[in-house]
Structures are given as structure tokens and as C-alpha cells.
Amino acid sequence: MINQTKTTSKSILSGKALAAESSLIESLSHFIKKLNHEEDALIVVEGLRDAKALRDSGFDGEIFMLCHKQNVTKLENEATKYKKTILLLDNDSEGKKLTARTQRILRGRVKLDLFYQRELLPASKGKIRHVEEFAGYAEKLARYVG
């Protein structure tokens, strides 16, 4: 009887874990789909791993990597070609500093959108603080988004 109770408890826990994972994937796929539906927008990430994680997760829009020898001046030149520029930088101290600096430099020159940056943590249910962390969900997301 005790073994049956343990097995039932494990089944309930694994069922809850699967439901939580499914809910997370659904929320993240909705996030990526919304991002894909942005018209004439440039998405700004910090680096190559961030860009790759977004691509692998089903994002098909334009991406600008702010790091990797790219600077805010180059971003300004590129951003003027788009209706808006969506900052999607990491939710850590470096990402916040980079966001503030980018806003300060580009304010009034291009239309900046911080919606997705603010929504990433709630959409990921607190699981994603760095854009590259999409990589852990990429395979499942690509199936939902694509």
C-alpha cells in the first residue's frame, strides 16, 4: 500500500511538472509569435547566443546584435530603416545598463519599444532572465511557433 501511495504521488508530481512545462511553452510561444507579428521592426539583442536562441525558437524577424563590435551608433544607422526598434536585452545589471545607455543615446532619434523586454520575465514565468536562455526551450518552441 505504501509503494502504491508513493507511485501515485510521483505520478501527480510528474503530471504537475508536465502541465507547468506545457504552460511555459505555450506562454513563450505566444511571446515569440507576437514578436514575429511586429511589422517593420528591428529586434536588438546583446550578442550571438541571444540571436541564435531567438532564431532556433522560431523568431523570423530582423535582429541586430548590439555587442560583437556593433555599437549604438551603428544601431542608430540601422534602426532608422525601421518603423520601430525593439530592445530585448538581458534582465541583469549589464543588460539594464545597456538598455539605459541605448535609450539615452537614441531617445528622440528612433522609436524605441521596451514592451518585450518588460514582458520576458512574466512570459517565461520567471525562468528566462537572459535571452540566450530561450535555447533550452528552442526545439519545443519552434514546433509551436512555426
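Across region 1-22, the qualifying residues are those that are farther than 21 Å from ARG55 by Cα and of a type in the set (S, T, N, Q), and the one among them that is modelled with the highest pLDDT is SER14.
Considering only residues in region 88-113 that are over 15 Å from the mean Cα position of the chain (by Cα) and part of a loop (DSSP other than H, G, I, E, B), the one that is surrounded by the fewest Cβ atoms within 10 Å (Cβ to Cβ) turns out to be GLY108.
Those residues that are of a type in the set (Ser, Thr, Tyr) and closer than 20 Å to SER57 by Cβ, I need them from region 93-146; list them, please. Break it down stepwise before answering.
First pass over region 93-146, keeping only residues of a type in the set (Ser, Thr, Tyr): 93, 99, 102, 116, 124, 137, 144.
Listed by number, the residues that qualify are TYR116, SER124, TYR137, TYR144.
Among the residues of region 78-97, write down those that are out of contact with any helix residue (DSSP H, G or I) (no Cβ under 9 Å at 6 or more places or on another chain) and within 22 Å of LEU35 (Cα to Cα). Correct list: GLU78, THR80, LYS81, TYR82, LYS83, LYS84, ASP92, LYS96. Quick one: would you say GLU119 is surrounded by 13 or more Cβ atoms within 10 Å (Cβ to Cβ), in a helix (DSSP H, G or I), without any contact (Cβ under 8 Å) to a residue 40 or more places away in the chain and in contact with a helix residue (DSSP H, G or I) (Cβ under 9 Å, 6 or more places away or on another chain)? So GLU119 does not fit the description; no.
Quick check on VAL44: is it touching a residue at least 12 places away in the same chain (Cβ under 8 Å) and over 12 Å from the mean Cα position of the chain (by Cα)?
Numbers: touching a residue at least 12 places away in the same chain (Cβ under 8 Å): yes; over 12 Å from the mean Cα position of the chain (by Cα): no.
When the stated conditions are applied, VAL44 does not pass them.
What is the number of the single condition among (1) at pLDDT below 90; (2) under 15 Å from VAL131 (Cα atoms); (3) loosely packed, with under 12 Cβ neighbours inside 10 Å that THR73 does not meet? Looking at each condition in turn, THR73 falls short on (2). Taken together, the criteria exclude ILE86 from residues that are in contact (Cβ under 8 Å) with a residue 60 or more places away in the chain and touching a Phe, Trp or Tyr at 6+ places or on another chain (Cβ under 9 Å).
Quick one: which residue in GLU39, GLU46 is within 26 Å of LEU141 (Cβ to Cβ), exposed (fewer than 12 other Cβ atoms within 10 Å of the Cβ) and at pLDDT 90 or above?
GLU39
The values are calculated or read from the model by the stated rules, or taken from the named source; none is laboratory data. On a predicted model such as this, the values are computed, not experimentally measured, just so you know. Heads up, the Cβs are rebuilt from the backbone with ideal geometry, glycines too, and the neighbour counts pull from every protein chain shown.
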